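First up is the structure itself, then whatever we jot down about it.
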Amino acid sequence: MGIKRFYVKFNALFVVLFLALTAVQTSHAEETAGLQLAVFDIDATPPIGSYLAYDEVVNNWDMSLRARGIVLTGAGKPIVLCAVDWVGIGSEGHDAFRQTLAEAAGTDMQRVAVHTVHQHDAPGCDFTAERILKEHGITPHRYEGAFHREVLQRLGTAVRDAMGKQHPVTHLGLGSAPVHQVASNRRILGPDGKVGPMRGSSCKTPDLIAAPEGLIDPNISLVSFWNGETPLAVLSYYACHPQSYYRTGVANPDYPGIARFMRQLAVPQALHIHFDGAGGNVAAGKYNDGSKEMRLILAQRLEDGMRRAWEATERAPINAEDIRWAVEPVGLPVAEGLNAEELEKRMLEEKDMTVVEDCARKIAWLQRREAGIPIDVACLSLGNARILHLPAELFVEYQLMAKAERPDLFVAMAAYGDYTPGYIGTAIAYEQGGYETSPRSSNVSPKVEAVLTEAIKTLLKE
């Protein structure tokens, strides 16, 4: 009888242990089936003999150009964010990048955001401009897409591989801090209310250097994804042109790439991804004389801001219910005076290849607008954070407006999405003149402010 009681107790204990183990396994399965993150990172440095934004590649630097990003899964179809160390990706090129990433991640193209960091010793991509040039018997030079398509293939492979190496996401980190002595507004108004000489990415004119910083967003924003105590990815957002000096013929990620690398060394567990915010009218001209020494100095100042934003990061639990992705397709108004026939004529007669290629890019823009192809403005909601995804060389006013619209939220912005529209100023900026809003630089009309403002406010209200 004693032995029977022993076996009854043993069996009961076995059942309890079995049920407890099953509960643990179920909990783990639910966790791994929930919110997860994959990261990807490839070399996107063009070979010697190909073209950068302005010049032929004569050599490569110690630091390569990167195409890197994240895939967030478990909250509907996967969401993909990607930043590329190129000057710009536009038109059918931008479509191809988004579609390649979508197919590799198993999602829709509308749930993919691709941005460039906008370094100038880096390639540009526009498959529509490439096609237009080739149709007219013109060698596309900087729009030759053979290398770009190779990068696309490798990027697709990298994302498919990453999807098999996902990690659970348990927490979201948010932090911000001012960046000191990097950004300054490029557009300085004269007594007549018009823009005078531009204070560009570098400047040696004493009066322009002495002028105030002007309108900027001084803060860098950091968004980080965590698995428990382990950081998986850190996304940084800062609105400023990324040039210290360029036209070297040597592909390099300039000072943001160096700053990103420093942070990668400091926090090696996480992939560090940098996005250029709405910095179309913002550059380092007040603080940068274009000397070689300034590249490292600017990098150290940006890295210092990144570090302080990281140290100020506050973490909070996050789950799939806290994640939303919303898109507002917009038709941006075409700049007055853009005429495809006139552009084609000039493209065929012009000897300066930079002008020829610019004409092709403008024709590409007109063709897409005539076909009714919209540009997607998107917003990723992460708990109390909103990350906005905008096209082209956006003025900082749009970023500041977005932050003012929702002071109750942590708002960050990535610009330099579809590059085809060129500079996107505010309505008054087109009256003030200046390089950015000239017919050469901007392919949109002053009405663009109303269109984008409405899209941003709509996304922030959701």
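Suppose we filter A360, A371 for residues that are modelled with pLDDT of 95 or more, out of contact with any Asp or Glu (no Cβ under 6 Å at 6 or more places or on another chain), exposed (fewer than 12 other Cβ atoms within 10 Å of the Cβ) and of a type in the set (A, V, I, L, M, F, W, C); which single one remains?
On inspection, the qualifying residue turns out to be A371.
Within the range 303-332, restricting attention to residues that are out of contact with any strand residue (DSSP E or B) (no Cβ under 7 Å at 6 or more places or on another chain) and within 21 Å of S224 (Cα to Cα), which residue is surrounded by the most Cβ atoms within 10 Å (Cβ to Cβ)?
Filtering the range 303-332 for residues that are out of contact with any strand residue (DSSP E or B) (no Cβ under 7 Å at 6 or more places or on another chain) and within 21 Å of S224 (Cα to Cα), the one surrounded by the most Cβ atoms within 10 Å (Cβ to Cβ) comes out as E303.
Looking at G280, G249 in this structure, which one is of a type outside the set (A, V, I, L, M), more than 11 Å from M306 (Cβ to Cβ), in contact with a strand residue (DSSP E or B) (Cβ under 9 Å, 6 or more places away or on another chain) and crowded, with 24+ Cβ neighbours inside 10 Å?
Exactly one residue qualifies, and that residue is G280.
Please find, among Q36, Q99, Q119, the residue that is among the polar types (S, T, N, Q), at pLDDT 95 or above and within 30 Å of L348 (Cα to Cα).
Q119
How many residues does the range 203-255 hold that are of a type in the set (K, R) and touching a Leu at 6+ places or on another chain (Cβ under 9 Å)?
Count: 1.
Tell me, yes or no, whether the range 209-221 has at least one residue that is crowded, with 24+ Cβ neighbours inside 10 Å, under 21 Å from the mean Cα position of the chain (by Cα), of a type outside the set (A, V, I, L, M) and part of a strand (DSSP E or B).
There is at least one residue in the range 209-221 that is crowded, with 24+ Cβ neighbours inside 10 Å, under 21 Å from the mean Cα position of the chain (by Cα), of a type outside the set (A, V, I, L, M) and part of a strand (DSSP E or B).
In the range 324-372, what residues are farther than 28 Å from E431 by Cα, without any contact (Cβ under 8 Å) to a residue 60 or more places away in the chain and not in a helix (DSSP H, G or I)?
E350, K351, D352, A371
Does the range 405-462 hold any residues that are surrounded by fewer than 21 Cβ atoms within 10 Å (Cβ to Cβ) and on the phi > 0 side of the Ramachandran plot, and which are they?
Scanning the range 405-462 gives a single hit, G433.
Only one residue in F147, F127 is of a type in the set (F, W, Y) and under 21 Å from E344 (Cα atoms). Which one?
F127
Would you be able to tell me the number of residues in the range 401-438 that are part of a loop (DSSP other than H, G, I, E, B), closer than 19 Å to K194 by Cβ and either without any contact (Cβ under 8 Å) to a residue 60 or more places away in the chain or in contact with a helix residue (DSSP H, G or I) (Cβ under 9 Å, 6 or more places away or on another chain) (or both)?
Selection size over the range 401-438: 5.
Filtering the range 348-357 down to residues that are of a type outside the set (D, E) and surrounded by 15 or more Cβ atoms within 10 Å (Cβ to Cβ), which residue is modelled with the lowest pLDDT?
The residue in question is M353.
The values are calculated or read from the model by the stated rules, or taken from the named source; none is laboratory data. Please read all numbers here as calculations on a predicted model, not as lab measurements. Every residue, glycine among them, receives a Cβ derived from its backbone with ideal geometry; neighbour counts consider all protein chains shown.
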